[in-house]
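Asker: Shown below is the structure under consideration.
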Amino acid sequence: MEPIAPSEILALARLVDQIDYYRLLQLQRDATTREIQRAFHTCSRTFHPDANRHQSSQIQAGIRPIAKRITEAYTVLRDPRRRALYDEQLDSGGGVRLTLSRDASDVTAPNPRGTSAQGRQYHALALQNLQQKDFSSAIRNLKTALTFEPGNETFEKLLKTSLEQMDSHPTS
Amino acid sequence: MAEVAIGIDLGTSNSSVAHASEGNVEVFTNIYGETITASVVAFEANGDIEVGNAARANIIRDPANTVYSAKRLIGRYFFSEEVKKARAFYGYSIEEAENHGIRIRIRDEEFSLPEVSAMVLRELKAIAETRLGTPVSKAVITVPAYFNDNQRQATVDAGRIAGLEVLRIVNEPTAAALAYGFGKGLQQRVAVYDLGGGTFDFSILEIGDDVFEVLSTAGDTFLGGDDFDDRLIDLLADEFHATHGIDLRHDRQSLEMLKVASEDAKKGLSEDPEVEIQLLDIAEGPSGPLSIERRLGHDEFARLVGDLVQRTFKVCDEALQQAGIVASDLDGVVLVGGPTRLPLIREAVTTYFQQEPKTDIDPDLVVAMGAAIHADSLVDPQSSCQLLDVTPLSLRIGVAGGLAETLIERNTPVPIEQTRTFTTFRDHQESVAIRIFQGESHEASENALLGEFEFAGFEKALRGEVEIDVTFEIDADGIVNVTARDRTTHGEVSKRITLSSGLTKSEIESIVARGDAERLTQATLPPVEENIEREPASPQALPEADFLELLPADEELREGDTTAEMPIYRANLEEIEPHSVQLDPDDESETDWE
Ligand SMILES: Nc1ncnc2c1ncn2[C@@H]1O[C@H](COP(=O)(O)OP(=O)(O)OP(=O)(O)O)[C@@H](O)[C@H]1O
Ligand SMILES: [Mg+2]
């Protein structure tokens, strides 16, 4: 493994929020599980904090977020269910990171009104706001609901409608 | 010579220290020529502190002033099950400290658990310094894979109190795998079956070109060889009770004698198929002293502990399932821990895994050796070894209704971070508080509470307008860090509240300044200079921020608290807000708006 130049590390640290998991691990979109694992090992050899104890503190600080993003990328790509979600997200231009924490493993049937108590509550509040044509509150509540359940389609749709409504009724 | 960093296996009953350089690993012997030092601290009446195998004799002679099994208590709260049990059975006094913490009372002194463990660490450091002939200030310390964040933090604190910079906390089974596979160019999938005195850990690793990737880990912090002893103690005591009408468990002295005899008998069964148990004058009967004399065979003992052994395989099932493999996919099974010397364990392991376990490395030393190899790799830039570990427990956040939602699932590789955006739910709300847990239950109270975090200092605004990005990080040591940022101002708004199981930075400093090191008996101190220079605390493990004072919780919250690991705290702040996520938990009351 080629040692990576400090300037490259710092450049990558700045870019890390913009590149997707495949690019980060230097993988093709059709990479096999085995290739994903190998890429994880190779990248870890370069970016894991243990491998960089001898670097300057500036480099170490640059490397920390990269290392964490590498494990995140691996966690998503090695899991077929997560990978499928991620691929879909990439294809629809939905951002380069996937939230790991959706309790997807233990949630049984998705509830359109929300799978978490908070999601449901904020969704309910938003519906109330919409009835009163209070779009800005509805938007706030829906955004909040989405923080608990990122990717909830019902919430997203409603948010989109609310934003459109807001644009057409700018006074409310 | 390059920088020196040692590896320490800080065990419940026994500890070891080793050093690796240029591919050679040496486990150091103490003044008795033994590679294993008892994790026992004896406080003598004259103020001397003795650690190790000599101290062990004091458990019977002076139980009130001899601390053993500190690892079972470190990082735990006063009201946890483990502490309750220890208070009932241990000879020394365990008291409640502020904020549900614990202290050991020895005569008129009080010690925190990290302080006690630091005494053991200091002894091991001294052994290494004697053997190396040079001061040592850096170490890798191992912990059970299943240790939670509180226990890991407390172990780091212990290291710091002992004057050691803890380079890394490594999981015991991971260290064992390293000792097994390092430098051999292996391409293998191995399992590590680690049955210690008080804990069982099981990890599955993929080894490839000196990259050690943990695929999954599982464990039980309440299962170990000591539980085998307890079974035998009960058997002997029950039989004695049936014959003589005396319960030996009610007398501290008799109980200690039973404990020693039971452990000896168990260990004997590692050597011989049958052992003789003899306890003369264990109690005073109406017509003179009474004794126990009995034979114990392999089969009888196997029946006695059969369910405990089977419990280890439940844990193995879980880890295999998490790794997505079956037992026959494994290229090897590495044994760690004293009880794995028992033929009954080896037989059961062989049956379960359908293969003979690897027994070429000493199961008592393999962890310290792995720790030393890793320590060396951290100070040697040429080293080629790379550990990739996972978090053993799911990281959760408390939400309304007493529930806890997953942020980072167990067996996720570390280091890793996840960010969640929080908002206020009242106009002009000044602070947001969240609770973090580790565990596998949706019920918050069934998980271990790591801490409550209160975020303040963001700009006040209308409900829902404030957006605070809270980042949850698990570092390569398995230690959890939480920080928060105001999305609009990008200002750091984090304030960490550490709970009482941990020590604050200033507490650690004052302990270090107190200099208990001088009290360690001379025989065990090395003839080299003490390393005076104290490494500054690594910034991540203990936050620089002010600690918010914590108050005990309101009783109402406490009522629902059925499990041990669930302390309730409340931040002592001007305005105490429920955390932002605490809305009405009653789903059914939800009106249907559609
Ligand atoms: N030869 C032996 N045969 C059977 N059991 C043994 C033998 N030697 C030690 N033990 C038992 O092993 C246990 C201690 O194991 P070990 O020293 O591996 O644990 P530890 O490292 O102190 O604990 P832990 O790893 O859980 O922190 C004790 O219960 C002890 O009685
Ligand atoms: Mg051990």
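The values are calculated or read from the model by the stated rules, or taken from the named source; none is laboratory data. Remember, it's a predicted structure, so these values are computed and weren't measured experimentally. Glycine also receives a Cβ, built like all others from the backbone with ideal geometry; neighbour counts cover every protein chain displayed. Ligands, DNA and RNA are stripped out before the accessible areas are found, and what is left, the full protein with its side chains, is counted by its heavy atoms. Shrake-Rupley method; radii C 1.70, N 1.55, O 1.52, S 1.80 Å.
Asker: Look at residue B:120 and say whether it is within 14 Å of another protein chain (Cβ to nearest Cβ), buried (at least 20 other Cβ atoms within 10 Å of the Cβ) and within 16 Å of ligand 2 (Cβ to nearest atom).
Answerer: Taking the combined requirement at face value, the residue does not satisfy it.
Asker: Scan segment B:378-401 for residues that are polar (S, T, N, Q) and assigned to a strand (DSSP E or B) and jot them down.
Answerer: Result: B:386, single match.
Asker: Name the single residue, out of those in segment A:134-172 being hydroxyl-bearing (Ser, Thr, Tyr) and more than 19 Å from residue B:466 (Cα to Cα), that is modelled with the lowest pLDDT.
Answerer: Ranking the qualifying residues of segment A:134-172, first place goes to A:172.
Asker: Which of (1) assigned to a loop (DSSP other than H, G, I, E, B); (2) farther than 30 Å from residue B:140 by Cβ; (3) open to solvent by less than 20 Å² (accessible area, probe 1.4 Å) does residue B:488 not meet, given it meets every other one?
Answerer: (3)
Asker: I'm told residue B:404 meets every condition in (1) part of a loop (DSSP other than H, G, I, E, B); (2) buried (at least 24 other Cβ atoms within 10 Å of the Cβ) except one. Can you identify the failing condition by its number?
Answerer: It is condition (1) that residue B:404 fails.
Asker: Just one of the numbered conditions (1) away from ligand 1 (no atom under 16 Å from the Cβ); (2) without any contact (Cβ under 8 Å) to a residue 40 or more places away in the chain is not true of residue B:3; which one?
Answerer: It fails just one condition, (2).
Asker: For the list (1) within 15 Å of ligand 2 (Cβ to nearest atom); (2) touching a Ser or Thr at 6+ places or on another chain (Cβ under 6 Å), I need the number of the one condition that residue B:312 fails.
Answerer: For residue B:312, the exception is condition (2).
Asker: For segment B:190-218, enumerate the residues that are within 13 Å of ligand 1 (Cβ to nearest atom) and among the aromatic types (Phe, Trp, Tyr).
Answerer: Answer for segment B:190-218, where residues must be within 13 Å of ligand 1 (Cβ to nearest atom) and among the aromatic types (Phe, Trp, Tyr): B:193, B:200, B:202.
Asker: Among the residues of segment B:321-364, which ones are within 16 Å of ligand 2 (Cβ to nearest atom) and open to solvent by 20 Å² or more (accessible area, probe 1.4 Å)?
Answerer: Going through segment B:321-364, the residues within 16 Å of ligand 2 (Cβ to nearest atom) turn out to be B:334-342, B:345, B:361-364.
Within segment B:321-364, B:338, B:341, B:361, B:362, B:364 meet the criteria.
Asker: Here's another thing I want to ask about it. Can we say residue B:434 is modelled with pLDDT under 90, surrounded by 23 or more Cβ atoms within 10 Å (Cβ to Cβ), touching a strand residue (DSSP E or B) at 6+ places or on another chain (Cβ under 6 Å) and hydrophobic (A, V, I, L, M, F, W, C)?
Answerer: Yes; evaluated as a whole, the condition is true for this residue.
Asker: Mind checking whether some residue in segment B:353-373 is within 13 Å of chain A (Cβ to nearest Cβ) and touching a Leu at 6+ places or on another chain (Cβ under 6 Å)? Walk me through it before giving the result.
Answerer: Initially, segment B:353-373 is screened for residues within 13 Å of chain A (Cβ to nearest Cβ), giving B:373.
Those left that are additionally touching a Leu at 6+ places or on another chain (Cβ under 6 Å): B:373.
Within segment B:353-373, one or more residues are within 13 Å of chain A (Cβ to nearest Cβ) and touching a Leu at 6+ places or on another chain (Cβ under 6 Å).
Asker: For segment B:283-320: of the residues being closer than 29 Å to residue B:176 by Cβ and of a type in the set (Gly, Ala, Ser), which is least open to solvent (accessible area, probe 1.4 Å)?
Answerer: Result: B:319.
Asker: Can you find even one residue in segment B:161-173 that is assigned to a helix (DSSP H, G or I), open to solvent by less than 10 Å² (accessible area, probe 1.4 Å) and of a type outside the set (Asp, Glu)?
Answerer: The answer is yes; a qualifying residue exists.
Asker: Further question: Looking at segment B:371-399, which of its residues are of a type in the set (Val, Ile, Thr), over 17 Å from residue B:210 (Cα atoms) and open to solvent by 10 Å² or more (accessible area, probe 1.4 Å)?
Answerer: Across segment B:371-399, the qualifying residue is only B:399.
Asker: Quick one: what pairs do we get from segment A:49-70, first residue without any contact (Cβ under 8 Å) to a residue 12 or more places away in the chain, second outside any helix (DSSP H, G or I) and not aromatic (Phe, Trp, Tyr), C-beta under 6 Å, 6+ apart or different chains?
Answerer: Going by the 6 Å Cβ cut-off, the qualifying pairs are A:54/B:381; A:68/B:415; A:68/B:416; A:68/B:417.
Asker: Another question, then. For segment A:82-96, state whether one or more residues are modelled with pLDDT under 95, surrounded by 16 or more Cβ atoms within 10 Å (Cβ to Cβ) and in a loop (DSSP other than H, G, I, E, B).
Answerer: yes
Asker: Within segment B:278-287, does at least one residue satisfy the condition of being closer than 21 Å to residue B:224 by Cα and either away from ligand 2 (no atom under 16 Å from the Cβ) or in contact with a Ser or Thr (Cβ under 8 Å, 6 or more places away or on another chain) (or both)?
Answerer: No, segment B:278-287 contains no residue that is closer than 21 Å to residue B:224 by Cα and either away from ligand 2 (no atom under 16 Å from the Cβ) or in contact with a Ser or Thr (Cβ under 8 Å, 6 or more places away or on another chain) (or both).
Asker: Going through B:192, B:211, B:170 one at a time, which residue ends up being touching a residue at least 60 places away in the same chain (Cβ under 8 Å), in contact with a helix residue (DSSP H, G or I) (Cβ under 9 Å, 6 or more places away or on another chain) and farther than 15 Å from residue B:368 by Cβ?
Answerer: Exactly one residue qualifies, and that residue is B:211.
Asker: Would you confirm, using the coordinates I've provided, whether residue B:481 is of a type outside the set (A, V, I, L, M, F, W, C) and at pLDDT 75 or above?
Answerer: Spelling it out, residue B:481 is indeed of a type outside the set (A, V, I, L, M, F, W, C) and at pLDDT 75 or above.
Asker: For residues in segment B:174-222 being in contact with a Cys (Cβ under 7 Å, 6 or more places away or on another chain) and open to solvent by 10 Å² or more (accessible area, probe 1.4 Å), which is farthest from ligand 2 (Cβ to nearest atom)?
Answerer: My answer is B:210.
Asker: Okay, next question. Any residue in segment B:147-162 that is among the hydrophobic types (A, V, I, L, M, F, W, C) and over 15 Å from the mean Cα position of the chain (by Cα)? Full working, then the answer.
Answerer: Going through segment B:147-162, the residues among the hydrophobic types (A, V, I, L, M, F, W, C) turn out to be B:147, B:154, B:156, B:158, B:161-162.
Add one more test, that the residue is over 15 Å from the mean Cα position of the chain (by Cα), and what stays is B:161-162.
Within segment B:147-162, one or more residues are among the hydrophobic types (A, V, I, L, M, F, W, C) and over 15 Å from the mean Cα position of the chain (by Cα).
Asker: How many residues does segment B:387-433 contain that are in contact (Cβ under 8 Å) with a residue 60 or more places away in the chain, more than 7 Å from every other protein chain (Cβ to nearest Cβ) and closer than 29 Å to residue B:178 by Cα?
Answerer: 8
Asker: When segment A:59-75 is examined, which residues are found to be more than 9 Å from residue A:48 (Cα to Cα) and within 7 Å of chain B (Cβ to nearest Cβ)?
Answerer: A:71, A:72, A:74, A:75
Asker: Next question, about the same structure. Identify all residues within segment B:410-428 that are out of contact with any strand residue (DSSP E or B) (no Cβ under 8 Å at 6 or more places or on another chain) and buried (at least 21 other Cβ atoms within 10 Å of the Cβ); write none if there are none.
Answerer: Result: B:425, single match.
Asker: When only residues in segment A:5-37 that are open to solvent by 90 Å² or more (accessible area, probe 1.4 Å) and over 23 Å from the mean Cα position of the chain (by Cα) count, which is farthest from residue A:83 (Cα to Cα)?
Answerer: Residue satisfying both the conditions and the ranking: A:8.
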